[in-house]
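Asks: This is the structure, below, for whatever I ask next.
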Amino acid sequence: MTSDNALALYVHWPFCVSKCPYCDFNSHVRASVDQAIWRESLLADLAHEASVLAGRRLTSIFFGGGTPSLMPPETVAAVLQAAERHWGFAPGIEITLEANPSSVESACFADLASAGVNRVSLGLQALDNSALHFLGRAHDVSEGLAALEIAQRVFPRVSFDLIYARPGQSLDAWTAELKQALAFGTEHLSLYQLTIEPGTRFATEAAAGRLTIPDGDAAADLFEATRAITAAAGLPAYEISNHARPGAESRHNLAYWRYQTYAGVGPGAHGRRGGLATLRRKKPENWLAAVARNGHGIESEEPLAPGTQASEALLMGLRLREGVDLARIARLAGGMDTHDLVDERAIARLAGLIERDGDRLRVTEQGMLLLDAILPEVVRVGVPA
């Protein structure tokens, strides 16, 4: 199948079962949800996307958001059946569901697998109880590992994530934690460095001097050790923070990073199709009302200028070990010359950190550590606002 008719689908389930320190859907905690109304509204939103994206075939579906692992399995099954009816499934389609590692959610795993989910992404985040407490997680290590064991038993494919460069975390401690994670034998790991985002509890703590994360040199050591250890274990980095056995990469996330078409349905879901950036209404009640009124929950469909599409494609694609095809991106930019996409002098100056082979541009292993500094030097087309 060519990328021209491939399609990824993102389904957003906005409800959390408890106040979450990470997502911005805290106001969406609900004691109960009218599942019939939600199911029919999701199916209507999905049907609208199918009407404007005819002739495609689904290569991946991703259920994300608040607590999608608590979606009723019959709702998941209904969405999958409708998606297959509208578009058809590519052979070996990847159907992923995001899950928190709680006993409540893991109890649903077998039913979700029966509904058609074949991959789970589990938010373990740490294998240390004090770190989980610091990160604001509701589960402890034993509960998380019990959920992982169930996931590995019922889903064909399993990934989980960890956060490192935590306050006080030494290189030796992270090395031991990462090797423990690799010993569980999953095919995919997402490994993120802790960052302090403005307006968060972490930012407040850092400003007050109560929180200190590893400095630049220590963080660089952690990053380099992470890539070396995972590569040696057979899960090399294929994206700056994602590691997988060859062939086990997240096909859905690759659709984003390769700047392919994807549809987003459900409250707050984003999409990219036909040169448009789509956004669904974020507040659940507003989304429901919009679906009832219009047959879809779209809040905006903003045309993307060719240069913006090129910039997005470069900024996403250069995160990948494979890099980007400049000729393809030039076509996205309305036939722009490839030399107008990137600064050739900067590429020459940064030799060893970024390399060009014909139309293929990629950041080297050494350059990935400095990716945030390299991108503004190399990308010439405007960065999206």
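The values are calculated or read from the model by the stated rules, or taken from the named source; none is laboratory data. Computed from a prediction, not measured in an experiment: that's the story for all the values here. For neighbour counting, all protein chains shown are included, and Cβ atoms are generated from backbone atoms with ideal geometry for every residue, glycine included.
Asks: Out of everything in the stretch 325-342 that is more than 14 Å from Thr308 (Cα to Cα) and modelled with pLDDT under 95, what residue ends up being surrounded by the fewest Cβ atoms within 10 Å (Cβ to Cβ)?
Replies: Asp337
Asks: Could you please find all residues in the stretch 190-212 being at pLDDT 75 or above, among the hydrophobic types (A, V, I, L, M, F, W, C) and out of contact with any Lys or Arg (no Cβ under 7 Å at 6 or more places or on another chain)?
Replies: Leu191, Ile196
Asks: Go through (1) closer than 30 Å to Pro267 by Cα; (2) surrounded by 15 or more Cβ atoms within 10 Å (Cβ to Cβ) and name the single condition Glu355 misses.
Replies: Among (1) closer than 30 Å to Pro267 by Cα; (2) surrounded by 15 or more Cβ atoms within 10 Å (Cβ to Cβ), the lone unmet condition for Glu355 is (1).
Asks: Next question, about the same structure. Considering the stretch 85-112 alone, what residues qualify as being surrounded by fewer than 21 Cβ atoms within 10 Å (Cβ to Cβ) and part of a helix (DSSP H, G or I)?
Replies: The answer is Arg85, His86, Ser103, Val104, Ala110, Asp111.
Asks: One residue is enough: does the stretch 111-118 have a residue meeting the conditions in contact with a His (Cβ under 9 Å, 6 or more places away or on another chain) and either farther than 26 Å from Asp140 by Cβ or not hydrophobic (A, V, I, L, M, F, W, C) (or both)?
Replies: no
Asks: Among Ala269, Ala232, Ala181, which is hydrophobic (A, V, I, L, M, F, W, C), outside the structural domain of Leu361 (by TED's automatic domain parsing) and surrounded by fewer than 20 Cβ atoms within 10 Å (Cβ to Cβ)?
Replies: On inspection, the qualifying residue turns out to be Ala232.
Asks: Mind checking whether some residue in the stretch 295-308 is closer than 30 Å to Pro236 by Cβ, surrounded by 15 or more Cβ atoms within 10 Å (Cβ to Cβ), hydrophobic (A, V, I, L, M, F, W, C) and in contact (Cβ under 8 Å) with a residue 24 or more places away in the chain?
Replies: Taking every residue of the stretch 295-308 in turn, none turns out to be closer than 30 Å to Pro236 by Cβ, surrounded by 15 or more Cβ atoms within 10 Å (Cβ to Cβ), hydrophobic (A, V, I, L, M, F, W, C) and in contact (Cβ under 8 Å) with a residue 24 or more places away in the chain.
Asks: May I ask you to verify whether Ala255 is in a helix (DSSP H, G or I) and without any contact (Cβ under 8 Å) to a residue 60 or more places away in the chain?
Replies: So Ala255 fails the test.
Asks: Could you check the stretch 61-71 and list, in sequence order, the residues that are closer than 28 Å to Leu132 by Cβ and either of a type outside the set (Gly, Ala, Ser) or in a helix (DSSP H, G or I) (or both)? Before the answer, list the steps.
Replies: Step one: filter the stretch 61-71 for residues closer than 28 Å to Leu132 by Cβ, giving 62-71.
Those that are closer than 28 Å to Leu132 by Cβ and either of a type outside the set (Gly, Ala, Ser) or in a helix (DSSP H, G or I) (or both): Phe62, Phe63, Thr67, Pro68, Ser69, Leu70, Met71.
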